[in-house]
Structures are given as structure tokens and as C-alpha cells.
Amino acid sequence: MAFVTRQFIRSLSSSAALHAAIKHVTIIGGGLMGAGIAQVAASTGHSVVLVDTSEDILKKSAKGIESSLKRVAKKKFAEKPEDGEAFIQKILKNISTSTDAASVVQGTDLVVEAIVENLKVKQDLFGALDKAAPEHTIFASNTSSLPIADIASSTARLDRFGGLHFFNPVPMMKLVEVIKAPGTSQQTFDSLLEFSKALGKHPVSCKDTPGFIVNRLLVPYMLEAVRLHERGHGSKEDIDVAMKLGAGYPMGPFELLDYVGLDTSKFIIDGWHEKDPDNPLFAPSPLLNKLVAEGKLGKKTDVAVSSFI
Ligand SMILES: C[C@H](O)CC(=O)SCCNC(=O)CCNC(=O)[C@H](O)C(C)(C)COP(=O)(O)OP(=O)(O)OC[C@H]1O[C@@H](n2cnc3c(N)ncnc32)[C@H](O)[C@@H]1OP(=O)(O)O
Ligand SMILES: NC(=O)c1ccc[n+]([C@@H]2O[C@H](COP(=O)([O-])OP(=O)(O)OC[C@H]3O[C@@H](n4cnc5c(N)ncnc54)[C@H](O)[C@@H]3O)[C@@H](O)[C@H]2O)c1
């Protein structure tokens with residue numbers, strides 16, 4: 001009994017130590033998702049470095065974080081707006097930026113990657129970071145659709161590699177899918193669960209299967225809405241209204257496609273179609289392809305040229 005208690009206490013203190021270990025986080029990619037993850041990590045007291053390919057992009061990310069924080073502060077300090085600015089500045093102090101991922105990962109506990117949804121680009125990034133990061137550093141990808149095991153295969157730290165799939169907009173969406181690939185150790189998986197909770201999120205455990213839970217259901221639904229419209233069976237506006245008022249969704253499928261980004265949605269469906277060409281749920285959409293080819297990516301490019309809304 002004493003042995004069991006000692007073991008129990010040891011396991012509690014070791015998981016507390018693991019949780020305490022994730023203090024410094026490097027987020028690679030300062031786009032829609034990376035900026036949101038950086039904001040939430042900084043808001044929960046983590047020290048964050050946000051990395052992207054240029055200073056201009058990082059400036060845009062910082063502006064996006066600040067305006068999102070203003071929205072949070074407006075609500076949080078509705079009674080005392082003068083405290084809102086101090087709240088924002090305190091959080092912004094936890095974030096620094098860099099264009100040199102290899103140098104900043106040298107002092108980090110966790111790398112969260114949120115770059116373009118492309119296997120080769122993600123593998124190249126992690127392959128390079130694996131050489132620069134310390135032994136204890138955990139790597140996680142925010143991929144929407146790629147197998148974590150395939151991304152991790154470019155590194156020699158399969159046991160310290162997992163998935164952390166956040167949802168857009170990150171400051172508002174409570175869910176994080178924590179993905180355990182075949183090589184992910186239990187210790188790494190537990191650390192990622194703990195980290196998600198430390199961000200104030202609700203984690204769910206996922207296997208390394210296409211789209212995990214949410215996207216496996218959501219992406220075919222959004223694409224089916226586009227196909228329904230392509231068949232002439234409903235206007236975009238009516239389909240959006242129908243799903244909002246008839247199914248209680250906060251956004252209709254076209255609005256949501258714009259919100260997620262048409263390029264990201266296309267990457268997801270094309271990748272699945274390539275692997276499973278006979279599955280009608282993964283069939284590419286001519287309309288989506290055309291809009292992406294025209295550079296109309298939805299909200300991230302410009303709401304005024306927003307493709308679906
Ligand atoms: C594809 C990927 O792999 C996976 C994915 O991410 S799939 C996409 C998942 N996301 C969704 O399904 C999102 C669905 N939409 C929603 O839940 C809601 O529409 C929403 C939370 C985005 C916005 O809420 P809603 O009430 O509809 O609209 P809105 O009036 O704009 O926002 C209400 C308040 O929420 C807060 N808010 C919304 N977005 C915010 C943000 N980015 N940052 C901070 N606060 C925000 C603000 O307080 C805002 O009030 P404000 O306008 O006065 O600042
Ligand atoms: N958009 C969504 O709703 C959503 C939700 C969950 C997960 N995801 C996933 O998150 C990832 C990012 O998606 P996003 O919507 O934020 O994309 P985004 O296009 O808004 O941002 C990607 C950012 O990564 C940067 N980048 C590209 N290559 C880089 C590199 N080698 N090093 C550093 N930075 C680099 C780009 O400059 C860009 O700023 C994708 O894997 C996507 O599938 C997206």
C-alpha cells in the first residue's frame with residue numbers, strides 16, 4: 001500500500017514537473033492560427049516566441065494579436081475599461097518575434113508549428129529544428145489533415161512529437177485535439193494534454209487518423225455544401241442561412257470556408273483525395289479550385305474580395 005502511495009505521489013509530482021517544464025513556447029507561423037496560439041499561450045503566462053519568414057508578416061501578426069486582445073479586454077473590463085490597456089500590455093510583453101527559428105528553439109520547451117498545410121514544407125522545417133533544439137523539447141504540429149507520423153518522420157524525436165490541433169479563432173474556441181501518433185510517448189502525450197489545459201482549453205484525445213475528429217466530419221460537410229451549390233440546388237446565401245437557422249451552426253458552411261481559408265481547405269481535400277480517390281466525400285471542387293487559383297482565399301486575403309460570402 002505504502003509502495004502504491006509512493007508510486008502515486010511520484011507519478012503526480014513527475015506530471016507536475018512535466019507541466020511546469022512547458023514555460024517557453026516557440027510558435028512557427030504567424031498566420032491565422034499561429035498568431036492565435038501565441039496570443040493564448042502569452043495570455044496564460046507562457047513566454048512565447050513567434051516565428052515567421054519576414055518582419056512584415058510578423059508586424060501584421062502582432063497587429064492581429066493586439067486587436068484580438070482589445071476585443072477580449074473590451075469584454076473582460078467592461079466595467080473598468082482603464083484596466084484593459086494594462087492587461088493588453090502585460091500579455092504583449094510575453095511575446096517576442098523572430099525570423100530565425102533555429103536560433104530561438106535553442107531555449108524552448110515546446111515548438112508548435114502552424115505553417116502552410118504542406119507535408120514537404122513541414123518536414124523540412126522540423127528536420128532543421130531537430131538539429132537545433134535541445135533534447136527535452138517537444139515538437140507539435142497544428143496540421144489540419146496531415147498524418148503526424150509523416151511530419152515527425154523527418155526528425156529523430158518520434159517519442160517527443162505529437163499533434164496539437166487548435167480551432168479558429170483560437171482565442172474563442174475551447175477545443176484542442178491532442179494527437180498521439182504511434183511513436184508519441186505517453187509522457188509527451190500527457191505533457192501536451194497538460195499544456196492544453198494550462199491554456200484554458202478543453203483537450204480531447206485523438207488517434208493519428210485523417211482529419212482527427214472535427215475535420216473528418218467538418219471538411220466533407222463544407223465541401224458537400226459547395227457541391228450542393230455547384231449542382232444549382234441552393235444559393236450560397238440560402239445554404240448559409242439554412243445551416244445557421246435550421247441546424248444552429250454559428251456560421252454557415254460558405255462563411256466558415258472563408259473563415260478557415262480557401263487555400264487551407266483545398267490543401268486538406270486535395271491531400272485526402274490523392275490518398276483515397278474513390279471516396280466521393282473527398283472529391284475536389286471546381287469552384288474552390290478556381291477561387292484559390294484567382295488568389296481569393298477568403299477572410300485572410302480581404303473580406304471585400306471574399307470568395308464565398
Ligand atoms: C480547418 C481547421 O483545421 C479546424 C478549424 O478551425 S474549423 C473552424 C472552427 N471554427 C468555427 O467553426 C467557428 C464558428 N464560428 C463561431 O463559433 C462564431 O461565429 C465566432 C466565435 C467566430 C464569433 O462569434 P459570433 O458571436 O458569431 O460573432 P462576433 O459578433 O464576431 O463575436 C462576438 C464576440 O466574440 C469575441 N471574438 C470573436 N472573435 C474574436 C477573436 N478573434 N479574438 C477575440 N475575441 C473574439 C469578441 O468578444 C466579439 O465581440 P466584439 O465583436 O464586440 O469584439
Ligand atoms: N485556418 C484554419 O482554420 C486552421 C485551423 C486549424 C489548423 N490549421 C492548420 O494550421 C496551419 C496554419 O494555417 P493558417 O490558417 O494559420 O495559415 P496561414 O496561411 O494564415 O499562415 C501560415 C503562416 O506560416 C508562415 N510560414 C510558411 N512557411 C514558413 C516557414 N517555413 N517558417 C516560418 N513560417 C512559415 C507564412 O508566412 C504564414 O504567415 C496549417 O497546417 C493549417 O492546416 C488551420
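Limited to segment 192-201, what total is found for residues that are crowded, with 16+ Cβ neighbours inside 10 Å and outside any helix (DSSP H, G or I)? Break it down into steps so the answer makes sense when it comes.
Kept after step one, since they are crowded, with 16+ Cβ neighbours inside 10 Å, are these residues of segment 192-201: 192-196, 198-199, 201.
The next check asks that each one be outside any helix (DSSP H, G or I); those that pass are 199, 201.
Residues meeting the conditions: 2.
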Please go through (1) in contact with an Asp or Glu (Cβ under 9 Å, 6 or more places away or on another chain); (2) modelled with pLDDT under 95; (3) surrounded by fewer than 16 Cβ atoms within 10 Å (Cβ to Cβ) for residue 264 and return the number of the only condition it doesn't satisfy. (3)
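Which residues, counting only those in segment 153-185, are among the aliphatic types (A, V, I, L, M) and near ligand 1 (Cβ under 10 Å from one of its atoms)? Walk me through it before giving the result.
Narrowing segment 153-185 to residues among the aliphatic types (A, V, I, L, M): 156, 158, 164, 170, 172-173, 175-176, 178-179, 181.
Result: 170, 172, 173, 175.
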Can you name the residue in segment 117-136 that is away from ligand 1 (no atom under 16 Å from the Cβ), of a type in the set (A, V, I, L, M) and under 20 Å from the mean Cα position of the chain (by Cα) and is also least open to solvent (accessible area, probe 1.4 Å) among such residues? 129
Please specify each residue of segment 89-115 satisfying the condition of being surrounded by fewer than 17 Cβ atoms within 10 Å (Cβ to Cβ) and of a type in the set (A, V, I, L, M). 92, 102
Where in segment 202-309 are the helices (runs of 4 or more DSSP H), entirely inside, with at least 3 residues that are within 16 Å of ligand 2 (Cβ to nearest atom)? 214-230, 253-260, 262-275, 286-293
When you go through (1) in contact (Cβ under 8 Å) with a residue 40 or more places away in the chain; (2) within 11 Å of ligand 1 (Cβ to nearest atom) one by one for residue 230, which number turns out not to apply? (2)
Matching residues in segment 67-103 (within 16 Å of ligand 2 (Cβ to nearest atom) and part of a helix (DSSP H, G or I)) number 5
What is the residue count in segment 23-39 for residues that are more than 6 Å from ligand 2 (Cβ to nearest atom) and crowded, with 24+ Cβ neighbours inside 10 Å? 8
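Just checking, does segment 246-254 include any residue being crowded, with 22+ Cβ neighbours inside 10 Å, hydrophobic (A, V, I, L, M, F, W, C) and closer than 20 Å to residue 143 by Cα?
There is no residue in segment 246-254 that is crowded, with 22+ Cβ neighbours inside 10 Å, hydrophobic (A, V, I, L, M, F, W, C) and closer than 20 Å to residue 143 by Cα.
The values are calculated or read from the model by the stated rules, or taken from the named source; none is laboratory data. Computed from a predicted structure; not experimentally measured. All Cβ positions, even for glycine, are placed from backbone atoms using ideal geometry, and neighbour counts span all protein chains on display. These area figures cover heavy atoms from the full protein model, side chains too; ligands, DNA and RNA do not enter into them. Shrake-Rupley method; radii C 1.70, N 1.55, O 1.52, S 1.80 Å.
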